[in-house]
Amino acid sequence: MHIMKKFNLITLALASLASTSFTSQAVELHSQIGIEARYFTQDPAQSEQTDTQGAIRGEFEFYWDLGGNGNNFIFKPYFRADSEDSERHLIDIREAMYLHVGDDWEVRAGVGKVFWGVTETLHLVDIINQTDQLAAFDGEEKLGQPMVQLSLIRDWGVLEAFVLPYFREADFAGAEGRLRAPLPILDEAKYEDDDEENHIDFALRWSHTLGDWDVGLSLFDGTSRQAEFLPTVTKDGLALQAFYPQIQQAGLDAQMVSGDWLWKLEAINRTGDLITDYTAAIGGFEYTLVGLFDSDMDLGLVAEYSYDDRDDAGVTANQNDLILGTRWVLNDAESTEVLMGFSQDLDYSDTQSLFIEGSTRVGESTVISLDAWFFTSDDPEEISYNVRKDDFIQLDVAFYF
Amino acid sequence: MPLFKFKTKRISTYLTAGLLTAALAPFAQAQTPEEKGLEIAKTRKATDRGWNNSEQDMKMILRNAQGNESVREMRSRALEITNDGDKGLTIFDKPRDVKGTAFLSFSHTLEPDDQWLYLPALKRVKRISSRNKSGPFMGSEFAYEDMSSFEVEKYDYKFLRDEACPVQPELTCYVVESNPKDKFSGYSKTIVWIDHKEYRMFKAEYYDKKKDLLKTLESSEYKLYLDKYWRAHKLSMVNHQTGKSTVLLTDNIRFNTGLTDKDFDKNTLKRIR
């Protein structure tokens, strides 16, 4: 918890700086409050785990325009509280970012979020932010990352350089929580580097659009966002300790648009003194059928194949997997959408997962979502075995104002 | 040089009506309805050249067959591109759940358009398959292709007749049939009403692929900007097949606000407000 304290100090300092110097500027506020309820349909694998879980979250974006030219400051705090699992409580600064826009360059300084990549079902290249895996099971939510970012926008593409002075540890479900490893994970993490979370990471990315192609090349040097787990004996018995090694990662992402087709590829090579070096890739397509059956409905089809040369299903769930998805967009006034996905492990025929996510707007600005996830895994060697009993249905109501 | 633009000038001060008829008669006879339709389209485009860039606020009121309303608010920016389609950027303000979402498009006269969508919650710029032009824009009765800039090369034309303009019957309109060249258009044909004097579009009828009447658009509340450019402040689209309708209100139109190519860049999308 002392790590959060330090992080909060930095961001609070930034925030107070912002609020004192920009008081004359009008502030824009855009907020979201969400309530979610989860119901797990099976008996848990561990007796202390819950069957139902409720949570409330809030996200408040304050925006100050600093005299036009695109210069601005954004401050976006976030909170979450869970009815069962105290590890899921969180106060975070999603963003506290100052942006200065030059003629063909931009500087960002503070806390923020950066997305890299093109694929839909797995984000290999994306590495700047830690995933807030307790916020959303699909991995799309991120913790705020302290950074200084310089971007050069030139004819030959966009070059972005990042200095990342502070590392955010991953969050893991507590004993009462579902969707977790069978052993408890210790609060205290271990690091390869003596500077621990204060190790300064660097990243570089070049991206460019050439006609129908969007391409990106990226490099990262620093603390791995993905923890490895060390079995540890504690006074309460066996536990796992998160270990964050130093890594170097080179990434490639490419996308080509051709009529109704979008072709996508992401590949990474990751090396480090204390990790098994590996190469992983994901590729596939997205195809959209517009105006299905003479209606306003669009049907998007996604197929992606993921590969990881560690070839060890114990460390990655995506070593040889095929994922098929459909996205039904009704194009109605309520913006109703239904996403369905099916994932099949090609090495372990019994390992599958299925998800359905539906959402629609009610009234002016309330969005109701119903998500369901189903997992099958028979093989204890496969990482998905951990969640084999964690099928769940989740209802989420989000108010925007 | 556009014959019809010429015709709208005060030729009558130099020529008697009889002389004019005699002078134009050979051209009128030599011109097929297709040629005349193309000429009208070219003049319509020519009268709207040179505005460089503009910004405007927009409000869409969506009504379903039961009369329930839903409102969208957005701001749009446009950059004129000579010899190709224009560049456009739309930023959504309402509904609040899509606030900050931005849509960038480079329309092209003959090739498919380039389109990107910025999703602020994910900080992700997503490329969109550009054939998606017949789909509804934000759940409204306007399709993406209805919102894109008018380009002469996108259609084949046929002049049908002259008649009193809809909305403003004191004016005379050319009634022209346009057939989209793009097979991914949602329409088999469009019939447009364009006034003789200022080449403003007052009405359009959209026919679906089965050649049935699908939608009718009426443009009204035209205002003149920079002494040259007419802009409609109200567009009403009615879908005859579903009973749904959308009114698009435009306000706060500004020209030459200093926008450049850099404001219509995929990278700029990430910091757009």
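Note that the protein assembly as shown shows a convex hull volume over its alpha carbon atoms of 167 Å³ per residue. Shape summary of chain A, radius of gyration then Dmax from alpha carbon positions: 21.7, 66 Å.
Among the chymotrypsin sites (Phe, Trp or Tyr not before Pro) in segment A:98-168, those located in a DSSP loop and surrounded by at most 16 other Cβ atoms within 10 Å of their own Cβ are A:156.
For chain B, the longest principal axis of the Cα atoms and the long axis of helix B:33-46 meet at an angle of about 60 degrees. About its Cα centre, segment B:53-271 has a charge dipole of approximately 940 debye under the convention of +1 per Lys or Arg Cβ and -1 per Asp or Glu Cβ, with nothing else charged. Scanning residues 5 or more positions from residue B:128 or on other chains, those with amide H under 5 Å from its amide H are B:115, B:116, B:117, with H placed 1.01 Å from N in the peptide plane. Length gained on full extension, residue A:46 to residue A:305, computed as 0.36 nm times the residue gap minus the Cα-Cα distance: 90.0 nm. Counting only alpha carbon atoms, the long axis of helix B:17-30 and the longest principal axis of chain B meet at about 70°. Of the peptides A:391-400, B:89-98, the ranking by mean beta-carbon count within 10 Å, highest at the top, reads B:89-98, A:391-400.
Helix content alone sets the calculated 222 nm mean residue ellipticity of chain A: runs of n ≥ 4 DSSP H residues at -39500 (n - 2.57) each, divided across all residues, give -1500 deg cm²/dmol. For the protein assembly as shown, a simple Cβ point-charge model (Lys and Arg +1, Asp and Glu -1, everything else neutral) yields a dipole of about 4240 debye relative to the Cα centre. With point charges of +1 on the Cβ of Lys and Arg and -1 on the Cβ of Asp and Glu, referenced to the Cα centre of segment B:172-271, which listed residue (B:226, B:187, B:237) lies farthest in the positive direction of the dipole? Checked the options; the winner is B:187.
Note: relative contact order over chain B, using C-alpha pairs below 8 Å and six or more positions apart, is 19 percent.
Which far-off residues, 5 or more places away or on another chain, put their amide H under 5 Å from the one on residue A:132, with H placed in the peptide plane? Here the answer is A:141, A:142, A:143, since their amide H atoms fall under 5 Å of that of residue A:132.
Our coupling estimate for segment B:241-256, obtained by passing each phi through the Karplus curve with A = 6.51, B = -1.76, C = 1.60 and θ = phi - 60°, is 8, 10, x, 8, 8, 9, 10, 10, 9, 10, 9, 6, 6, 10, 10, 6 Hz, Gly and Pro reported as x.
Rounded to the nearest whole Hz, the Karplus-based 3J(HN,Hα) values (6.51 cos²θ - 1.76 cosθ + 1.60, θ = phi - 60°) of segment A:392-400 follow the sequence 8, 10, 10, 10, 10, 10, 10, 9, 10, with x at glycine and proline. With a simple spin-label model that places each label point 7 Å from the Cα along the Cα-to-Cβ direction, the separation between residue A:202 and residue B:160 comes to 6.7 nm. Of all aspartates and glutamates in the structure, those lying under 17 Å Cα to Cα from residue B:36, and not within fewer than 8 positions of it along the same chain, are B:151, B:153, B:156, B:162, B:163, B:177, B:195, B:198. Applying both filters, DSSP loop and at most 12 other Cβ atoms within 10 Å, to the trypsin sites (Lys or Arg not before Pro) of segment A:231-331 gives A:235.
Loop-resident GluC sites (Glu not before Pro) (DSSP state other than H, G, I, E or B) in segment A:292-401 with no more than 15 further Cβ atoms inside 10 Å of their Cβ: A:364, A:381. For chain A, relative contact order (Cα pairs under 8 Å, six or more residues apart, normalised by length) works out to 12 percent. Residue by residue along A:394-400, Cβ atoms of other protein chains within 10 Å of the local Cβ number 1 on average. With all pairs of separate Cα atoms included, segment B:53-271 yields a Kirkwood hydrodynamic radius of 18.3 Å. Between the residues A:262, A:172, B:201, the greatest Cα displacement towards the positive end of the dipole of the protein assembly as shown, with unit charges on the Cβ of Lys, Arg, Asp and Glu, is found for B:201.
Bear in mind that the values in this text are calculations on the coordinates, not laboratory data. The model shown is predicted, which means the values in this text are computed figures rather than measured ones. In this analysis, Cβ positions are derived from the backbone assuming ideal geometry, glycine residues included, and neighbour counts consider all displayed protein chains.
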